[in-house]
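Everything on this sheet refers to the single structure shown next.
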Amino acid sequence: QVQLVESGGGLVQAGGSLRLSCAASGRTFSRNVMGWFRQAPWKEREFVAVISWNGGSTYYADSVKGRFTISRDNAKNTVSLQMISLKPEDTAVYYCAAGRGPATISGDAYNYWGQGTQVTVSS
């Protein structure tokens with residue numbers, strides 16, 4: 001069992017930066033693929049970024065590539081999402097998720113989800 005708690009969301013102006021963190025409990029964290037997803041009002045949840053269990057592989061949605069960076073620290077059971085050059089269209093609730101399978105952009109493949117943290121980017 002893995003429990004996830006996100007933090008670091010907030011209100012920022014366009015062009016600004018935020019760093020989201022996800023703290024995980026559970027002894028199996030280091031064996032889990034970790035992903036970030038987001039959901040804007042009236043929109044479906046969408047994939048943002050994923051990182052392999054050892055951090056050796058990452059993948060990003062085209063909309064955030066070059067602006068967002070996912071990383072993890074297995075010793076501290078945390079995964080982070082550094083976001084720069086934020087745009088109003090990045091406004092959403094951001095969720096971290098843990099999966100026991102291979103790295104994937106499909107949210108249905110993830111087994112555990114956090115409660116989400118709100119990111120609001122003003123223009």
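The values are calculated or read from the model by the stated rules, or taken from the named source; none is laboratory data. Keep in mind that this is a model prediction, so the values were computed, not measured. No Cβ is skipped: glycine too gets one built from the backbone with ideal geometry, and neighbour counts run over all protein chains shown. Each accessible area value is taken on the protein alone, full model and side chains, heavy atoms only, with ligands, DNA and RNA left out. Shrake-Rupley method; radii C 1.70, N 1.55, O 1.52, S 1.80 Å.
List of remarks:
- Average accessible surface for the chain: 52 Å² per residue, computed with a 1.4 Å probe over protein heavy atoms with every protein chain in place.
- Glu46, Glu89, Glu6, ranked by accessible area, largest first (probe 1.4 Å): Glu89, Glu46, Glu6
- Accessible surface ranking for Tyr59, Tyr94, 1.4 angstrom probe, highest first: Tyr59, Tyr94.
- Relative contact order for the chain, counting Cα pairs under 8 Å that sit 6 or more residues apart, in percent: 36
- Gyration tensor analysis over the Cα atoms of the chain returns equivalent ellipsoid semi-axes of 23, 14, 13 Å (largest first, whole Å).
- Restriction of the trypsin sites (Lys or Arg not before Pro) in the stretch 1-110 to DSSP coil positions whose beta-carbon has at most 12 other beta-carbons within 10 angstrom yields Arg27, Lys43, Lys65, Lys76.
- Dipole of the chain, positive end: most advanced residue of Pro102, Ala75, Gln115 [Cβ charges, Cα centre]: Ala75
- Rounded Å value of the spacing that divides the Cα centres of the stretch 65-123 and the stretch 14-49: 2
- The fraction of accessible area contributed by carbon and sulfur in the stretch 6-123 is 50 percent, rounded to a whole number (1.4 Å probe; ligands and nucleic acids excluded).
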